[in-house]
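Worksheet for the structure shown next.
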Amino acid sequence: MTILTSARLRYEPFADEHFEGLAAMNADPEVMRYISGRPETADETRAAIARVRTRWEQWGYGWWTLLDTATGEVVGAACIQHLGKDPANPHEIGWRLRRASWGQGLATEAARTLAAHAFDVLDAPLLCAVRHPDNAASQRVMDKLGMRYTGMEAWDGDRVAVHALTRTEWLAARA
Ligand SMILES: CC(C)(COP(=O)(O)OP(=O)(O)OC[C@H]1O[C@@H](n2cnc3c(N)ncnc32)[C@H](O)[C@@H]1OP(=O)(O)O)[C@@H](O)C(=O)NCCC(=O)NCCS
């Protein structure tokens, strides 16, 4: 399982020792507002950690816990996760942060680090991201990553805004 680092963050694949920080984040209704619309219980976070660890074993990527490099505190979580929807383009990128860590550019830092990992190491042809149509902060992170809005789609019964970034676009923006 892959540990990554960037200027202010250390990325560790979900593990039991992250439970407290992840559970505190997921229990915050403001964090969950545009995700499930309700706070997550401790048992749901525990189950999510176990599920994510299985996905890591299956695909070699998944959700990372974001730790503040200076303090070791859990500040959030971000993912490259495998989607079954389109077998040719299975990579989805995502992020969520504890409320105290919003507004410092950390989601953008994590998004760029994980996009680089997806394109450079996992050889992803395309990354997609989805958001609730009212989630303007997440839209801004997608825009700053260079993603394009591709339209509204039904995902698991919800209407979501879909954004995409191809490997070609990523390489062109970096050149
Ligand atoms: C979405 C989220 C991860 C962003 O984290 P963050 O570290 O604050 O993001 P960044 O600081 O890197 O960038 C946020 C950008 O959105 C902008 N922004 C923040 N709130 C906004 C709002 N309500 N409307 C419009 N823009 C907004 C910020 O100004 C910033 O843009 P800028 O750099 O041009 O000023 C964070 O708000 C969060 O965890 N939300 C709850 C979970 C969630 O919704 N996850 C995404 C699911 S799709």
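The values are calculated or read from the model by the stated rules, or taken from the named source; none is laboratory data. On a predicted model such as this, the values are computed, not experimentally measured, just so you know. Here the Cβ is made from the backbone with ideal geometry for all residues, glycine too, and neighbour counts use every protein chain on show. Calculation scope for accessible area: heavy atoms of the full protein, side chains included, ligands and nucleic acids excluded. Shrake-Rupley method; radii C 1.70, N 1.55, O 1.52, S 1.80 Å.
Quickly run through the range 116-131 and pick out the residues that are within 13 Å of the ligand (Cβ to nearest atom) and either open to solvent by 20 Å² or more (accessible area, probe 1.4 Å) or in contact (Cβ under 8 Å) with a residue 40 or more places away in the chain (or both). Before the answer, list the steps.
So the first thing to find is which residues in the range 116-131 are within 13 Å of the ligand (Cβ to nearest atom), and the list is 128-131.
Selection gives Cys128, Val130, Arg131.
Criterion first (within 12 Å of the ligand (Cβ to nearest atom), farther than 20 Å from Arg131 by Cβ and either of a type in the set (Gly, Ala, Ser) or touching a helix residue (DSSP H, G or I) at 6+ places or on another chain (Cβ under 9 Å) (or both)) does Ala100 satisfy it? If you could, list the steps in order and put the result at the bottom.
Working: within 12 Å of the ligand (Cβ to nearest atom): yes; farther than 20 Å from Arg131 by Cβ: yes; either of a type in the set (Gly, Ala, Ser) or touching a helix residue (DSSP H, G or I) at 6+ places or on another chain (Cβ under 9 Å) (or both): yes.
Against the criterion (within 12 Å of the ligand (Cβ to nearest atom), farther than 20 Å from Arg131 by Cβ and either of a type in the set (Gly, Ala, Ser) or touching a helix residue (DSSP H, G or I) at 6+ places or on another chain (Cβ under 9 Å) (or both)), Ala100 qualifies.
Sort out which residues of the range 156-174 are within 14 Å of the ligand (Cβ to nearest atom) and surrounded by fewer than 13 Cβ atoms within 10 Å (Cβ to Cβ), and write them in order of number.
The answer is Asp156, Asp158, Arg159.
Report whether or not Gln58 is open to solvent by 80 Å² or more (accessible area, probe 1.4 Å), among the polar types (S, T, N, Q) and within 17 Å of Ala124 (Cα to Cα). Step through it out loud before you land on a result.
Working: open to solvent by 80 Å² or more (accessible area, probe 1.4 Å): yes; among the polar types (S, T, N, Q): yes; within 17 Å of Ala124 (Cα to Cα): yes.
Answer is yes for this residue.
In the list Ala23, Ala78, Ala48, which residue meets the criterion of being of a type in the set (A, V, I, L, M) and over 19 Å from Ala110 (Cβ atoms)? Walk me through it before giving the result.
Working: Ala78 fails: over 19 Å from Ala110 (Cβ atoms); Ala48 fails: over 19 Å from Ala110 (Cβ atoms).
Exactly one of Ala23, Ala78, Ala48 is of a type in the set (A, V, I, L, M) and over 19 Å from Ala110 (Cβ atoms), namely Ala23.
Yes or no, residue by residue, for (1) within 8 Å of the ligand (Cβ to nearest atom); (2) not in a strand (DSSP E or B):
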{"site": "Glu92", "(1), (2)": "no, no"}
{"site": "Gln104", "(1), (2)": "yes, yes"}
{"site": "Glu109", "(1), (2)": "yes, yes"}
{"site": "Pro133", "(1), (2)": "no, yes"}
{"site": "Ala137", "(1), (2)": "yes, yes"}
{"site": "Val141", "(1), (2)": "yes, yes"}
{"site": "Lys144", "(1), (2)": "yes, yes"}
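Between a first residue in the range 48-65 that is touching a residue at least 12 places away in the same chain (Cβ under 8 Å) and within 16 Å of Ala118 (Cα to Cα) and a second residue that is among the aromatic types (Phe, Trp, Tyr) and assigned to a strand (DSSP E or B), which pairs have beta carbons less than 8 Å apart while being 6 or more apart in sequence or on different chains?
Filtered contacts from the range 48-65: Arg55/Trp63; Trp64/Tyr11.
Restricting attention to the range 146-175, report how many residues are in a helix (DSSP H, G or I) and in contact (Cβ under 8 Å) with a residue 24 or more places away in the chain.
Step one: list which residues in the range 146-175 are in a helix (DSSP H, G or I), which gives 167-174.
Remaining after also requiring in contact (Cβ under 8 Å) with a residue 24 or more places away in the chain: 167, 170-171, 173.
Residues that pass the stated criteria total 4.
From the list Leu83, Leu9, Leu67, Leu22, which residue is open to solvent by less than 40 Å² (accessible area, probe 1.4 Å), modelled with pLDDT under 95 and of a type outside the set (Ser, Thr, Tyr)? First the steps, then the outcome.
Details: Leu9 fails: modelled with pLDDT under 95; Leu67 fails: modelled with pLDDT under 95; Leu22 fails: modelled with pLDDT under 95.
Step by step, each of Leu83, Leu9, Leu67, Leu22 is checked, and only Leu83 is open to solvent by less than 40 Å² (accessible area, probe 1.4 Å), modelled with pLDDT under 95 and of a type outside the set (Ser, Thr, Tyr).
Considering the range 70-90 alone, what residues qualify as being more than 20 Å from Arg53 (Cα to Cα) and more than 15 Å from the ligand (Cβ to nearest atom)?
Quick first cut of the range 70-90, residues more than 20 Å from Arg53 (Cα to Cα) only: 70-73, 85-89.
Passing the criteria: Ala70, Thr71, Gly72, Lys85, Asp86, Pro87, Ala88, Asn89.
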